[in-house]
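I have placed the structure first, in the form of structure tokens, so that the comments after it can refer back to it.
All of the numbers you see were taken from the coordinates with simple rules; none came from a lab. The model shown is predicted, which means the values in this text are computed figures rather than measured ones. No Cβ is skipped: glycine too gets one built from the backbone with ideal geometry, and neighbour counts run over all protein chains shown.
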Amino acid sequence: MFYPMLEGLLSRTLLPKTRKGLLLISTCRNSHKFSSVIDVAMISEKKMGSLLFPFQGLEKYLMGGVNKSHFHAFLPSFEDIKSAEAFFTPSKRHSIDYYSSAVRMDHAPVISEPEVCFIGRSNVGKSSLIKALFSLVPDIEVRVSKTPGHTKKMNFFMVKKAFTLVDMPGYGFKAPKDFEDMVEPYLKTRKNLRRTFLLIDGSVGVQKADRIALDMCEEFGIPYVIVVTKIDKAKQGELLRHILEMQNIIEDHTTGCFPQPFLVSSVQFSGIHLLRCFIAHVTGNLPLRLT
Ligand SMILES: Nc1nc2c(ncn2[C@@H]2O[C@H](COP(=O)(O)OP(=O)(O)OP(=O)(O)O)[C@@H](O)[C@H]2O)c(=O)[nH]1
Ligand SMILES: [Mg+2]
């Protein structure tokens, strides 16, 4: 569906200016070889398809009876994905940076622009995902760690005049203390919160703590989205089983959850471009083109 758009994209990559830009990106600390869709356009169509839309690669293994339409609830065009990237690309006029941290709601910055936050068990990959989303920002520092409980504050990252991303401490480690003090009050009271991304580890599937978080989002009545992390780590059959389980939970037990789980790997960069596009869209910055 997005391949006809590819021609324009490829010709853009040959511009000397863009090449310089790529050079700059490749030296930045967060950089990944697929940070930009321009880099993605260099690989084969098949690889590009599963990098941009990770569910595509799995779809063929699903049985006929499974309702696949939910997995395509958000299906932007390639042009939309390209446009979304502009919001994640800093320039003189478009600053992107760490803004502040808070351990209590009364320390949280007062911001009028739309906000999205990332919650999930400790070690699920929240900070890594934010780091990947901001991989085009040379100087931003998003700390990740193998040790659970690394993020101890609510960290606000501001995409000037467009939206704010909030990295949260994880639950499961020292929980419920951090959660009661920070995350719950934040979710309950934050006025500019547009979407909550609830991360679930695709290599282990839904755990008890994830169910509690799902119930909490339902109880607070906030709109939220499941993001399935570390899809590179799971065997395909195992990942499919976990995704179908999540799909059943979404259908049968939720009202505020977006029907489509977003699949990501911050290591391989799968699903990151799609998520950038979704964030730009749900924060009201990117109307989708009709395809
Ligand atoms: N294989 C793989 N590992 C990942 C991925 N994302 C994160 N990790 C690893 O998982 C570990 C935890 O990542 P973080 O991003 O710090 O996790 P977090 O959810 O922010 O953790 P807390 O701050 O403790 O709540 C690190 O060792 C990451 O390198 C992924 O997509 N694939
Ligand atoms: Mg973290």
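Do me a favour and compute the ellipsoid semi-axes for the stretch 116-202 from its Cα gyration tensor, root of five times each eigenvalue, largest one first, whole Å.
Details: eigenvalues 76, 58, 22 Å².
Square roots of five times the eigenvalues give 20, 17, 11 Å.
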Taking the simple approach of a point 7 Å from Cα along Cα-to-Cβ for both Lys160 and Lys60, what is their distance in nm? 4.7 nm
Helix-only estimate, please: 222 nm mean residue ellipticity of the chain, summing -39500 (n - 2.57) across DSSP H runs of length 4 or more and dividing by its residues, to the nearest 500. -10000 deg cm²/dmol
Of the options Ser101, Ser35, Phe74, report the single residue whose Cα projects farthest towards the positive end of the charge dipole of the chain (beta-carbon charges: Lys, Arg +1; Asp, Glu -1). Ser35
Which order results if Met42, Met182 are arranged by neighbouring Cβ count within 10 Å, fewest first? Met42, Met182
What per residue convex hull volume, in Å³, comes out for the chain when only alpha-carbon positions are used? 127 Å³
Grab the eigenvalues of the alpha-carbon gyration tensor for the stretch 60-188, scale each by 5, take roots, and send me the semi-axes largest first in whole angstrom. 27, 23, 14
Given labels modelled 7 Å from the Cα in the Cβ direction, how far is it in nm from Val204 to Lys46? 3.4 nm
Checked the stretch 43-84 with the C-alpha gyration tensor, a ≥ b ≥ c its square-rooted eigenvalues, rounded below a/c of 1.5, otherwise prolate if a/b is larger than b/c and oblate if not; verdict oblate
Just how large is the dipole of the chain about the Cα centre, in debye to the nearest 20, putting +1 at every Lys and Arg Cβ and -1 at every Asp and Glu Cβ? 920 debye
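Using Cβ contacts closer than 10 Å as the measure, can you line up Asp210, Asp181 from fewest to most? Don't jump to the answer; show the numbers that get you there.
On the way: Asp210 23, Asp181 14.
Lowest to highest Cβ neighbour count: Asp181, Asp210.
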In this structure, the FRET efficiency calculated for Arg104 and His253 from their beta-carbon separation, with R0 = 25 Å, to the nearest 0.05, is 0.20
So which aspartates and glutamates pass the test for Lys60, namely a Cα distance under 16 Å, with those fewer than 8 places away in the same chain ruled out? Glu238
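In whole percent, what relative contact order does the chain give with Cα contacts below 8 Å and a gap of six or more residues? Intermediate results must be reported in sequence, preceding the final value.
Values: 504 pairs, mean separation 65.2, N = 291.
The value is 22 percent.
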Using the Cα centre of the chain as origin and beta-carbon charges of +1 (Lys, Arg) and -1 (Asp, Glu), tell me which of Gln268, Ala213, Gly65 is placed farthest towards the positive end of the dipole. Gln268
How would you classify the stretch 184-271 from its alpha-carbon gyration tensor, with a ≥ b ≥ c the square roots of the eigenvalues: rounded for a/c under 1.5, else prolate if a/b is greater than b/c, otherwise oblate? prolate
Out of all DSSP beta bridges in the stretch 3-282, what portion is antiparallel? Express it as a percent rounded to 5. 35 percent
With respect to the cross-link table entries Lys126/Lys146; Lys153/Lys177; Lys152/Lys235, which display a Cα-Cα separation exceeding 22 Å? Lys152/Lys235
Between the alpha-carbon centers of the stretch 79-115 and the stretch 194-269, tell me the distance in whole angstrom. 24 Å
Roughly how many nanometres apart are two label points built 7 Å out from the Cα toward the Cβ at Ser95 and Ser69? 4.7 nm
